[in-house]
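Below: the structure, in structure tokens.
The values are calculated or read from the model by the stated rules, or taken from the named source; none is laboratory data. None of these values were measured; they are calculated from a predicted model. Here the Cβ is made from the backbone with ideal geometry for all residues, glycine too, and neighbour counts use every protein chain on show.
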Amino acid sequence: MLEKSLVVGEFHIDTSQNSLIHGRRKVYLGPLRTSLLHFLCKNVNTVVTREDLAQYVWGRLVTDHTINQHISQLRKSIGTLSLHGLNISTIPKRGYIARMEGVGAPADSQVSPISKGESAANEINSMKVLVVEAEAAERIQLIEQLESIDVAYVEGVATTIEAERSVALQDFDLIIVDSLLADNAGIELVKRIRTGQTSAAADISILSSHFELQRELLGLNCLFDIQGLLLKPFEESRLKQMLMVANKSNVVLKPQAAYELVPVDVLETAVQAKAINE
């Protein structure tokens with residue numbers, strides 16, 4: 001049975017009202033999300049496994065998809081408060097962690113993107129990657145390269161609609177998104193992920209792909225906390241390097257409003273401006 005309340009740092013989880021309170025602001029979580037947040041914050045700044053979460057919240061084993069969906073909903077609820085200092089992050093192959101600034105954790109529980117004794121190569125070999133690439137030839141090439149470096153699981157789709165279906169059914173560690181998808185759909189997908197509007201973890205690692213290095217694209221990557229850029233045609237050595245970077249990355253999400261304010265048509269506008277100048 002949950003305690004009536006849990007106070008961690010500046011945040012108050014009121015289990016009698018199934019709410020999260022920060023100062024004078026309050027958001028209703030509901031019983032299940034309250035239990036999730038309660039358990040994560042009782043173990044603040046410490047990795048919590050999916051199995052432990054399932055036993056604590058549901059009292060039994062549940063599918064990864066079920067946990068992913070509820071974690072995503074919890075992130076959305078937290079995002080409505082635009083809170084600073086509280087983030088729920090996914091730790092690939094290990095579980096989740098509630099990161100809270102200014103609150104300590106035991107020295108032996110500090111999170112490292114790569115577990116002790118594991119090599120970067122082993123981590124890549126355990127990754128699940130979703131490729132969102134419109135052109136069939138480029139999609140196939142990228143999938144083959146990922147398989148050649150022994151990535152554990154690769155799935156390729158041509159549209160963002162298919163991508164959202166895939167993340168609803170599978171727990172991916174990395175998404176590679178084509179920045180050239182029609183109607184800015186690739187950038188819009190990244191925005192939806194970061195704002196918790198898909199079943200993917202909002203803090204999932206993301207790489208973008210493009211034919212050239214553009215200032216505007218680098219700016220978007222920074223604003224959307226994208227881990228890196230893959231240039232086409234894809235090179236296996238560069239791909240492996242970027243997978244290692246993405247795997248080691250720890251995405252600390254900004255307030256949801258920060259992502260919502262970023263325009264998705266920056267690249268299109270830049271192309272139009274370039275055409276006019278020429």
*Could you list, in sequence order, the residues of the range 1-57 that are at positive phi and of a type in the set (Gly, Ala, Ser)?*
GLY9, GLY23, GLY30
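Okay, residues lined up against (1) under 16 Å from the mean Cα position of the chain (by Cα); (2) small (Gly, Ala, Ser):
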| position | (1), (2) |
| --- | --- |
| SER199 | yes, yes |
| SER205 | yes, yes |
| GLN214 | no, no |
| CYS222 | yes, no |
| ARG238 | no, no |
| SER249 | yes, yes |
| LEU261 | no, no |
*asked:* Could you check the range 146-164 and list, in sequence order, the residues that are in a helix (DSSP H, G or I), more than 19 Å from the chain's Cα centre (by Cα) and either surrounded by fewer than 19 Cβ atoms within 10 Å (Cβ to Cβ) or of a type in the set (Phe, Trp, Tyr) (or both)?
replied: GLU147, SER148
_Selection from the range 1-53 of residues that are without any contact (Cβ under 8 Å) to a residue 40 or more places away in the chain, closer than 14 Å to ALA98 by Cα and touching a Phe, Trp or Tyr at 6+ places or on another chain (Cβ under 8 Å)_ = SER35, PHE39
*Inside the range 243-254, can you point out the residues that are part of a helix (DSSP H, G or I) and touching a residue at least 24 places away in the same chain (Cβ under 8 Å)?*
LEU243, MET244, ALA246, ASN247, LYS248
*Do we find that VAL264 is in a loop (DSSP other than H, G, I, E, B) and either β-branched (Val, Ile, Thr) or modelled with pLDDT of 90 or more (or both) in this structure?*
yes
*Got a sec? Which strands (runs of 3 or more DSSP E) wholly within the range 40-145 have at least 2 residues that are modelled with pLDDT of 85 or more, within 24 Å of LEU174 (Cβ to Cβ) and under 20 Å from the mean Cα position of the chain (by Cα)?*
95-100, 128-132
